[in-house]
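Read through the structure below, which is laid out as structure tokens, and then see the notes.
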Amino acid sequence: MRGNWRTLVSITTWLLLLELSGIGSKESCYYIFFTHANWTDARPRFIVNMTFSNQTGIGSVTTINEEIASPVSRILILQHSSKEKPRTIYNATMKLCDLQNVFNSVPLFKPVKDNMLKQSNYSLSCPLVPGTYSMGNMKVSPKNPLLSLLYQPKHTFSVKGGLFEELGSRGRLRPLSTYFMAGKVVKRSCGANE
Ligand SMILES: *[C@@H]1O[C@H](CO)[C@@H](O)[C@H](O)[C@H]1NC(C)=O
Ligand SMILES: *[C@@H]1O[C@H](CO)[C@@H](O)[C@H](O)[C@H]1NC(C)=O
Ligand SMILES: *[C@@H]1O[C@H](CO)[C@@H](O)[C@H](O)[C@H]1NC(C)=O
Ligand SMILES: *[C@@H]1O[C@H](CO)[C@@H](O)[C@H](O)[C@H]1NC(C)=O
Ligand SMILES: *[C@@H]1O[C@H](CO)[C@@H](O)[C@H](O)[C@H]1NC(C)=O
């Protein structure tokens, strides 16, 4: 799928999650449909524009006008149904500079990083340096096992997250960009949408 998501790092987190969840292939294919999406940014320091589309995914343009010393990414993925209370699928808070160290020190992650960079011109530098970064057509494979995990008939999912900057040593977080997306995962035979 191609779509339009939130900011730089939530995108990074999402991609990382997808990549790390493995590349198993299944008989069925899964497609994401967005029913709602919105986001905020911290203009004029940090400007985000996103575009969403059901079949093509998420694209974004992020303009960073001031260096961000300590960026922190948060993402919460929930699965919803009318009967039960929301189920947490993924809930993580990550300091990007730490993540950067992991990327640089663990050779296993090199393909993940390369693949991420292929889909955007985000630099993955830490601190985040001023510039304009764009990502078009973030594609999630219809065979990605994460989608089969998210798929449940009559269930919907939501993704809530953001990119924050850590202020001082006490870890207070100030939002740079937050986003919210809701949608559903649809199961179809492979090839129908490819
Ligand atoms: C985005 O939509 C969600 C769900 O409708 C809502 O709770 C949230 O306040 C909205 N955020 C913004 C920034 O509009
Ligand atoms: C965001 O991007 C869309 C698609 O490229 C464009 O039509 C729209 O004007 C942009 N919005 C802002 C606020 O830049
Ligand atoms: C995606 O499809 C759903 C349901 O078919 C529709 O409600 C929604 O508006 C669509 N979203 C976009 C971004 O096209
Ligand atoms: C997500 O994790 C945070 C920090 O560990 C925790 O405070 C929060 O309650 C969790 N939320 C959900 C819905 O699991
Ligand atoms: C990323 O791509 C956009 C659009 O193609 C371009 O305007 C921007 O200068 C590029 N940024 C960097 C850091 O290369």
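The values are calculated or read from the model by the stated rules, or taken from the named source; none is laboratory data. Keep in mind it's a predicted model, so treat the numbers as computed, not measured. With ideal geometry, Cβ positions are generated from the backbone for all residues, glycine too; neighbour counts draw on all protein chains shown. Accessible surface areas use protein heavy atoms only, side chains included; no ligands, DNA or RNA. Shrake-Rupley method; radii C 1.70, N 1.55, O 1.52, S 1.80 Å.
Here is how the numbers come out for the structure above:
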{"item": "Segment 87-194 - convex hull of the alpha-carbon atoms, volume per residue in Å³", "result": "151 Å³"}
{"item": "Sequence-distant residues sharing a close amide H with Lys143 (under 5 Å, placed H)", "result": "Tyr30"}
{"item": "Nitroxide proxy distance, nm - points 7 Å out along Cα→Cβ at Asp98 and Lys154", "result": "4.0 nm"}
{"item": "Chain lengthening between Val186 and Asn115 when straightened (0.36 nm per residue, less Cα-Cα)", "result": "23.0 nm"}
{"item": "Debye intensity ratio I(q)/I(0), log10, segment 2-188, q values 0.11, 0.13, 0.17 Å⁻¹ (C-alpha model)", "result": "-0.47, -0.66, -1.13"}
{"item": "Residue-level accessible surface for Lys110, protein heavy atoms, 1.4 Å, Å²", "result": "120 Å²"}
{"item": "Size of electric dipole in segment 65-126: Cβ of Lys, Arg +1 and of Asp, Glu -1, about Cα centre, debye, nearest 20", "result": "360 debye"}
{"item": "Neighbourhood net charge (13 Å Cβ-Cβ; Lys/Arg +1, Asp/Glu -1) for Ser81", "result": "+4"}
{"item": "Percent of C-alpha pairs per 5 Å bin, segment 50-114, short to long", "result": "4, 11, 11, 15, 24, 18, 10, 5, 2, 0"}
{"item": "Accessible solvent surface per residue of segment 2-188, calculated while the other protein chains remain in place, 1.4 angstrom probe, Å²", "result": "50 Å²"}
